[in-house]
Every structure is written in structure tokens, then in C-alpha cells.
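Only one structure is covered here, and it is reproduced in the block below.
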Amino acid sequence: MPKVAVIMGSKSDWPTMQETTNVLDALNIEYEIHIVSAHRTPEKMIEFAKQARSNEFEVIIAGAGGAAHLPGMVAATTTLPVIGVPIQSKALNGLDSLLSIVQMPSGVPVATVAIGTAGAKNAGYLAAQMIGITNATVAEAIGSFRDEQAQAVIESEAHLHE
Ligand code: RP5
């Protein structure tokens, strides 16, 4: 079974990043969770990123807020795909996190999703879609989710007319 790494810069990011693991749980995708700070535990971050491929991760999802260097630094240290989740910071509402994560120099991409919980969920779905390129079971699970999502929208409209 493919494995996703869900990492975050601080325990304070967990309420947001839990949205990612909820999506991975729903799609039956295995993952590991780690707190790895670019600023407070830089050596742990480099070691984690260096070992990520040999630890059989396929995708890394990295959430960070403020001066959010974690996704970019991890991307610089591995050739696995990295999805960055900008945490909604208190001071600047996550715009700082978004700009820190999205503005990578050419050659070292981070797939950056939306600020906060929508982004955290989409990081899970995007990781699943990457895995679904070669894994039919995961691709089918995403297809079922999309069908259910569409059905929920159709039903919500029907309720408006009740
Ligand atoms: C970043 O600093 C973390 O990703 C977190 O979003 C932010 C604040 O961390 P704490 O001070 O709450 O631990 O590294």
C-alpha cells in the first residue's frame, strides 16, 4: 500500500492537518504523521527528507504557517512530490504562509493548495490523485467520493425547493 507522509511545523498546525488525515482515512490511504520544524528542528527536517524515499513514502504533505519554510526545504532535499498546506496564521491570516510556500524558485516545485482547512483537505485529495495514477483501488475511491460529492450538491438543491 502506498504511504503518504503528513508533516507539520508545529503541534499547533494539527487541527488543520487533521483535515488531511481525515481525507486519507476516508480513502483508505496509509500515512505517517510527524512534527518537523524547519526552524526549530532543522536537522530532523533534513534527515526526514533525505530518508523519505527509502522509507517508502510516495508523496509528502507539509503544513506550515507564518515564515513557512518547511515545504520548500523538504522539496529541496527530496525528489518526491511535496504538497504544501499554508496554515491560517493569526497575525496575517495565512497570506504569509501562502506566499512563503507558493513562491518557490524554478527547479524546486511545491504543489501549493489553499489556505487553511480547504487546502488541508485538498492536499489529501491531490496526494490520492497522484497515487491513483498507478493505483486503481485509490483511483476508484476518488471516483466514488466525487460521485457522492456531486449527489450531495444535487440533494442540497432539491431541499431548497421543499
Ligand atoms: C510554523 O510556525 C508552524 O508551522 C506554525 O504554523 C507556526 C507557529 O508555530 P507555534 O509557535 O504555534 O509552535 O513553524
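Only lysines eight or more places from residue 90 in sequence, or on another chain, were considered; those with a Cα closer than 29 Å are 11, 44, 121. The label point for residue 67 and the one for residue 14, both projected 7 Å from the Cα toward the Cβ, are 2.5 nm apart.
Name the residue from 82, 49, 65 whose Cα lies farthest towards the positive end of the charge dipole of the range 35-143, charges +1 on Cβ of Lys and Arg and -1 on Cβ of Asp and Glu. Final value for the positive-end residue is 65.
Sorting 159, 39, 69 from the fewest to the most surrounding beta carbons within 10 angstrom yields 159, 39, 69. Net charge in the neighbourhood of residue 31 (other residues with Cβ under 11 Å of its Cβ; Lys, Arg +1, Asp, Glu -1) is -3.
Report the net charge of residues surrounding residue 96, where surrounding means a beta-carbon distance below 15 angstrom and charges are Lys +1, Arg +1, Asp -1, Glu -1.
0
Take the chain, mark every one of the trypsin sites (Lys or Arg not before Pro) that falls in a DSSP loop and has at most 15 other Cβ within 10 Å, then report the longest stretch left between them, sites excluded. With a cap of 15 other Cβ atoms within 10 Å, the longest stretch comes to 91-162. Here the chain is assigned +1 on the Cβ of each Lys and Arg and -1 on the Cβ of each Asp and Glu. Its dipole about the Cα centre then comes out at about 740 debye. Based on the convex hull around the alpha carbon atoms, the range 39-124 presents an average projected area of 5.3 nm². Counting charges near residue 70 (Lys, Arg +1; Asp, Glu -1) among other residues having Cβ under 13 Å from its Cβ returns a value of +1. Across all Cα pairs in the range 3-160, the calculated P(r) in 5 Å bins from zero up to the longest distance comes to 2, 10, 19, 21, 19, 13, 8, 4, 2, 1, 0 percent per bin. Among beta bridges from DSSP that stay inside the range 3-160, the antiparallel ones total about 0%.
For the range 36-83, the square roots of the Cα gyration tensor eigenvalues, ordered a ≥ b ≥ c, give a/c of at least 1.5 with a/b no greater than b/c, which places it in the oblate category.
Computed 3J(HN,Hα) for the range 98-103, one whole-Hz value per residue from the Karplus formula 6.51 cos²θ - 1.76 cosθ + 1.60 where θ = phi - 60°, is 4, 5, 5, 7, 7, 8, glycine and proline marked x. Given their separation in residues at 0.36 nm each and the Cα-Cα distance between them, residue 43 and residue 92 gain 14.9 nm when the chain is fully extended.
Between helix 136-160 and the chain there is an angle of about 50 degrees, using the helix long axis and the longest principal axis of the Cα atoms.
Note on residue 55 and residue 148: the extension gain reaches 30.1 nm, defined as 0.36 nm multiplied by sequence separation minus the Cα-Cα distance.
Laboratory data are not the source of any read-out in this text; all were calculated from the coordinates shown. Because the structure is predicted, anything quoted here is derived from the model rather than measured. Cβ coordinates were reconstructed from backbone atoms using ideal geometry, including for glycine residues, and neighbour counts include every protein chain displayed.
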